[in-house]
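**Student:** Dumping the structure here so I can ask a few things about it.
A short reminder: the numbers here are calculations on the coordinates, not readings from a lab. Treat the numbers as computed from the prediction; the structure is a model and nothing was measured. Neighbour counts run over all protein chains shown; Cβ positions are idealised from the backbone, glycine included.
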Amino acid sequence: MYTARALVLLVPSEQAVGVGGNPFLALGGLDLPARVVVAYYESDVAKARFTGGSADTEYVVAIEESTRGPVIAVDVTDATPGRALETLNLITSSVPDELRRLQEEVDAPPDTIVSTLVLAKDEQAETDMSGTVRMLIAAVGVGLVVTVVGAVAIDGVQRSRARGRRPVTGPPVVGPPSIEPQGAPKGGATPSGKPVVGKPPVGNPASGKPPTVRLPSVAPAWHNPAPDPRDRRRDDAAARASTAEPR
């Protein structure tokens, strides 16, 4: 694609300048007429007139914001340099006619008619690099996005693998506490102080019941009555008789 550009200045009327006046010193107040002209070229009627229905022909007519005066910028883009310059010349030459027509429609006096002056116009069309620059910017943006997404994905995979290799640890296994019966002396002794004979106490820690302490069986006192003194004397006499020598 090729582009061409022109700048058109609105010049004040004879009445505004006065006899022997300088037109460049009376540019104030011409901003509104310039915007009226710009509005016409942005209409659908003007688009169909100057593009000729070609999909490759595009133009933009706008106020040149880089200046402080009523300057109209005309930018044309076309597929060939010849057609770009042709459309530019057509629009630039029509600006004075369209400006006069708009003023005559409101019955402006002839000495108050605003005219135009072409400040600059390209004689050769230049290659339009804006599309290429936009494509490069878009490609760089897509590349950055892909790079960031790839880095995030790789980091996530590495983190998941690290978690998979990490040994599973848990709280230490603590066995049930040993439970001793209340009142039982330490060291495996009975309440009387004698050592416990037999198996150690057995309990069920899971049930929460204290272990059972088995004590040695002791015969009750009535099973061993106190010996009778008379029986003892009889036993002693029998023993002496058995050991006496025969006469």
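**Student:** What residues qualify as long-range amide H neighbours of V71, i.e. H under 5 Å apart, gap of 5 or more or another chain, H built at 1.01 Å from N?
**Tutor:** E64
**Student:** Obtain the nm distance between the two label points defined at T127 and D31 by a simple spin-label model: each point lies 7 Å from its Cα along the Cα-to-C-beta direction.
**Tutor:** Distance between the two pseudo-spin positions: 3.9 nm.
**Student:** Can you give the extra length, in nm with one decimal, that the chain gains between D97 and R49 once fully stretched, where that is 0.36 nm per residue apart less the Cα-Cα distance?
**Tutor:** Numbers: separation 48, 0.36 × 48 = 17.28 nm, distance 1.45 nm.
Here the answer is 15.8 nm.
**Student:** Work out the charge dipole of the stretch 1-128 with +1 on the Cβ of Lys and Arg and -1 on the Cβ of Asp and Glu about the Cα centre, then indicate which of L85, V114, A34 is farthest towards its positive end.
**Tutor:** V114
**Student:** Using the beta-carbon distance between Y40 and T80 and R0 = 22 Å, what value does 1/(1 + (r/R0)^6) give for FRET efficiency, to the nearest 0.05?
**Tutor:** Working: r = 27 Å, r/R0 = 1.21.
The calculated FRET efficiency here is 0.25.
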